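The values are calculated or read from the model by the stated rules, or taken from the named source; none is laboratory data. Since the structure is predicted, the reported quantities are computational estimates derived from the model, not experimental observations. Heads up, the Cβs are rebuilt from the backbone with ideal geometry, glycines too, and the neighbour counts pull from every protein chain shown. For accessibility, only protein heavy atoms count, side chains too; no ligands or nucleic acids. Shrake-Rupley method; radii C 1.70, N 1.55, O 1.52, S 1.80 Å.
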Amino acid sequence: MKPLSLPKLPSFAWLFLFWILSIISDRLWLSLDQYPPAWDQSNHLNLSLKYLDALQNPQFLSGEWWHNFWMISTKYPPLTYLLTTPIQQVLGTGADQALWVNSVCNGILILSLYYLGKILFNAQVGLWSAGLFLLFPRLYSTRLHYLLDTPMMALTIAGFCALTYWKLAKNRQHQWLWTGLFGVSLGLILLTKQSGLFFLFIPLLWLGISQLWQRKWERLLQLIVSLLISGILWFPWYRTNWIYLFSTAQNSVVIPATAEGDPSLNTLAAWTYYWQDLPLAITWILLLIPLVGFALHFLKQFPVNKEKIESQKIKQSKVWLGLYLIAGYLICSANFNKDSRYIMPLLPILGMVLSYGLLLWRGRWQWVRWATVSLAILVMIGKLYAIPVLSPVANLLSPDVSYYPQINYPNPNPKMIQSVIKNAPYQRINLGVIPNVEQINHNTMNYYGALQDFQVYGRELGSNDEKVSQDSRSMDWFVTKEGGDKGFTKEAQFTFAETLSSDDDFQILETATLPDQSIIKLYRRKTPTVQVFPSNFTQNKVKLEKVIVPQSFPASQPVPITYQWIGSGEHLENGLVLLNWKLQDSPDNQSFWLHDHGLGMGMLKMDKNQNQIFQVIENTAMLPDQNLPSGNYTLEAIYLNRETRETYPIETPKITITLDPNSSSTPAPPLDFVTQLRQLSKYLPQGVKELDPIFAQVDRINQYDPLQDYLKQAEIALTYRLQNNPQLREIPWLYNLALSYVLQEDPQGAMKTLETLVQRDKMNPYAHAYLAFIHLYQWHPKAAEKVLQPALTLAPEVEEIKGLEGIATAMQGNLFKAWRILKPIL
């Protein structure tokens with residue numbers, strides 16, 4: 001009987017067939033599934049849309065544009081989103097379109113595995129490796145979701161393949177070629193997900209030590225060059241976002257591990273976690289039968305292979321693969337946070353080992369290979385589709401959750417977004433999303449809002465009563481879920497959701513019912529912060545029609561105020577208003593308070609209505625400064641175009657209000673965000689002890705302004721005031737401006753402002769310390785050390801200032817001196 005074998009087709013034909021079949025499988029499943037993307041998938045999809053939007057009008061010669069471009073994603077490296085950009089540009093936006101990036105990466109993985117198997121063993125092992133991993137449940141299920149894991153896995157295997165070819169290359173030209181290719185691969189890995197380095201670190205270190213031991217200096221130089229090449233690719237993003245890496249490690253490792261109850265590293269469960277996960281990731285079939293093949297081969301139960309393969313080569317290949325697998329497994333196990341996706345780069349290489357084990361079934365036992373693959377294909381079909389008889393058997397042989405498509409699922413997210421846009425067509429809306437379940441949560445709602453030209457932003461409420469209470473006053477739109485699974489919804493959030501139905505300040509605009517009979521509701525405040533209405537007025541320039549404010553009130557208390565503006569869409573959307581409430585007949589022009597802000601609080605969206613006239617009503621609050629004298633105050637208003645910097649006086653109604661300490665205060669809504677920022681900046685001169693409360697409050701404001709546009713409003717308004725009237729309140733305004741630059745992560749603007757500030761506020765040590773910190777952020781340790789000297793003289797006892805000195809010293813390479821400085825603090 002003639003043994004079974006693959007039909008005689010060229011290797012590339014087989015590889016192309018594997019790729020096409022995987023695409024057909026993915027696309028068939030996706031065409032049936034209507035379930036919304038969950039938390040992580042939605043977050044990544046939203047970032048891909050942001051990069052797509054940024055690349056519509058690129059400014060490649062602008063340093064500021066590149067800085068903002070790399071900052072679109074501060075937590076995750078952006079390569080996956082950049083690879084998705086041309087796909088969405090051609091095929092359109094949407095989760096299914098974006099998932100073509102996984103198909104592209106799957107093609108890279110197929111090619112990498114083939115060439116890796118070919119050079120380590122032979123072309124047959126390469127072909128089987130390139131096909132077998134497609135049947136692993138962990139891999140074909142992850143491929144159906146827009147995550148960073150599939151691209152990271154593909155590029156990690158491509159990098160390992162390039163490193164292997166470099167290791168085995170004998171020709172000098174080939175060695176340098178693979179040096180470059182490995183460097184590019186490593187750079188792309190670090191631009192995709194940092195954990196890819198876990199799997200290459202030990203093999204790379206092994207090779208480096210071996211070349212050093214053997215004194216192969218050119219080979220060692222080649223490894224160093226590959227690292228330099230990789231740095232060219234990853235450096236710009238890491239250079240821009242390095243400060244976030246510290247919080248990322250905490251948020252993505254320690255916090256999830258604690259919340260999920262992962263085993264601690266001093267337990268056996270931590271080190272056997274991924275071993276026990278293997279049958280779920282691979283299936284019992286593809287794990288056991290190749291292992292039995294190895295055992296029978298060791299017992300010499302198979303015919304002797306007639307192929308002339310050097311046994312030494314195979315032994316070295318097994319050691320090389322074993323190094324990759326064992327090192328990667330140990331590093332993943334040493335990670336406090338355990339997740340089934342974290343070991344994905346190990347699975348294709350393990351698939352190569354298993355392919356080798358399957359190919360050991362020779363002679364009359366060759367049919368076992370094909371029976372194993374056929375059974376694995378049936379298991380895959382049974383795991384992906386609910387088929388009577390087949391699916392129960394598949395779940396028995398592959399004991400993990402099934403991945404059935406959700407057909408005709410009533411996705412509530414688009415319906416809620418459309419209702420928001422219908423009721424507020426000329427605004428960007430910040431939507432508080434209280435449900436925190438897989439199918440509806442702040443990330444998913446945010447993604448569907450981004451699909452509508454970023455008009456609606458989903459935001460998560462705070463986790464405790466105090467934060468939720470602040471959220472309830474600062475947000476005008478909420479989505480709730482009644483009944484069914486509570487998911488990760490916090491008790492304080494759930495309690496607030498229950499009160500909305502009886503709150504007279506809110507009304508229900510939309511409802512939807514999920515399959516579990518839970519009800520999704522959309523609420524809007526009856527009198528929202530901003531309202532926009534089309535108008536028949538004919539004047540383009542902005543005019544203040546009406547001001548509604550109490551006649552008298554005390555200082556240092558929020559005062560409710562309503563402004564009614566009118567003007568063209570273009571002037572309104574691009575406009576800031578510089579408002580001075582000024583004491584009548586003030587002898588020194590120092591008795592006033594500001595109420596600068598963007599028209600419509602910076603949330604107007606007039607893209608298609610630039611020439612139409614609108615009325616904008618703002619319901620907000622202002623805050624007269626504490627030490628202002630009593631008396632009558634009148635309003636002066638200037639319009640400032642944020643794009644052109646054009647200014648003109650605004651026509652205002654004649655209004656006089658009285659600041660009277662004996663007046664009673666009136667209940668007021670929250671202050672506008674520019675005013676809140678100005679109040680927070682007053683604490684900066686008091687030192688670093690005030691920074692935590694400042695940033696805690698900024699964190700809440702950033703939830704309410706999803707674009708953080710209030711920072712840009714403050715920057716433009718303060719820059720104008722400092723250029724035109726610096727003598728009035730220069731030092732407070734400089735602190736305010738510096739804070740706005742820092743929060744926008746604009747180090748150049750912050751540095752320029754702080755350099756001016758240390759000249760104006762020379763005796764404040766913290767002004768010098770803040771400037772030193774910006775220099776350290778920019779990797780200017782010598783400059784930081786220099787500007788710290790006045791601070792050390794003025795406040796030698798402040799540990800934080802000493803700490804900055806120690807860091808500046810360490811960054812200059814003087815570690816012994818740095819240790820002497822830092823040791824008393826630590």
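Descriptive notes on the structure:
- A viscosity of 1.306 mPa s and a temperature of 10 °C, combined with the Kirkwood radius over Cα pairs in Stokes-Einstein, give a translational diffusion coefficient for the range 756-797 of 159 µm²/s.
- Cα-based helix-to-principal-axis angle, 442-451 vs the chain, degrees rounded to 10: 80 degrees
- Centroid-to-centroid separation of the range 750-826 and the range 380-397 [C-alpha atoms, Å]: 64 Å
- Rounded, prolate or oblate (a/c below 1.5 giving rounded, otherwise prolate when a/b exceeds b/c) for the range 162-204 by Cα gyration tensor: oblate
- Solvent-accessible area, 1.4 Å probe, carbon plus sulfur percent, for the range 519-604: 42 percent
- Hull volume in cubic angstrom per residue (convex hull over the Cα atoms of the range 752-826): 70 Å³
- Taking the inverse of the mean 1/r over every pair of distinct Cα atoms in the range 8-111 gives a Kirkwood hydrodynamic radius of 15.5 Å.
- Every Cα-Cα pair in the range 608-725 was counted, and those over 23 Å apart are 48% of them.
- Per residue accessible area of the range 624-771, 1.4 Å probe, in Å²: 45 Å²
- Close amide H pairs (under 5 Å, H built 1.01 Å from N) link Ser398 with no residue at least 5 positions away or on another chain.
- The lysines whose alpha-carbon is closer than 27 Å to the alpha-carbon of Lys689, local same-chain residues fewer than 8 away aside, are Lys75, Lys467, Lys712, Lys752, Lys762, Lys782, Lys786, Lys802, Lys817, Lys823.
- Theoretical FRET efficiency, 1/(1+(r/R0)^6), r = Cβ-Cβ of Ser311 and Ser11, R0 25 Å, to 0.05: 0.55
- Subset of Lys315/Lys338; Lys526/Lys608; Lys582/Lys682 violating a 30 Å alpha-carbon distance limit: Lys315/Lys338
- For the range 3-127, the per residue solvent-accessible surface stands at 45 Å², with DNA, RNA and ligands left out and a 1.4 Å probe.
- Dipole of the range 529-592 computed with +1 at Lys/Arg Cβ and -1 at Asp/Glu Cβ about the Cα centre; of Ser556, Gln584, Phe533, farthest Cα towards the positive end is Phe533.
- Size of electric dipole in the chain: Cβ of Lys, Arg +1 and of Asp, Glu -1, about Cα centre, debye, nearest 20: 4280 debye
- Cα gyration tensor, the range 529-645 - rounded (a/c under 1.5), prolate or oblate: prolate
- Across the range 480-486, computed HN-Hα scalar couplings (Karplus, 6.51 cos²θ - 1.76 cosθ + 1.60, θ = phi - 60°) run 10, 9, 10, x, x, 5, 7 Hz from first to last residue, x flagging Gly and Pro.
- The residues of the range 427-483 have, on average, 30 Å² of accessible surface per residue, using a 1.4 Å probe with all protein chains present.
- Distance from the alpha carbon centroid of the range 552-617 to that of the range 85-101 works out to 41 angstrom.
- 10 °C / 1.306 mPa s Stokes-Einstein diffusion coefficient of the range 685-785, Kirkwood radius on C-alpha pairs, µm²/s: 112 µm²/s
- Binning the C-alpha pair distances of the range 431-574 at 5 Å intervals from 0 yields a P(r) profile of 2, 8, 15, 17, 16, 14, 11, 9, 6, 3, 1 %, listed from the shortest bin outward.
- Solvent-accessible surface of protein heavy atoms, probed at 1.4 angstrom with all chains present, puts Lys75, Lys823 in the order Lys823, Lys75, largest first.
- Kirkwood radius for the range 367-507, taken over all pairs of different Cα atoms as the inverse mean of 1/r, rounds to 18.0 Å.
- Extension gain for the segment Arg760 to Leu330, taken as residue separation times 0.36 nm less the Cα-Cα distance, is 149.2 nm to one decimal.
- Helix 709-724 axis, angle to the chain major axis (alpha carbon atoms, nearest 10°): 50 degrees
- Value of relative contact order over the chain, rounded to a whole percent, pairs C-alpha under 8 Å and six or more apart: 9 percent
- Square roots of five times the Cα gyration tensor eigenvalues for the chain, Å: 58, 34, 22
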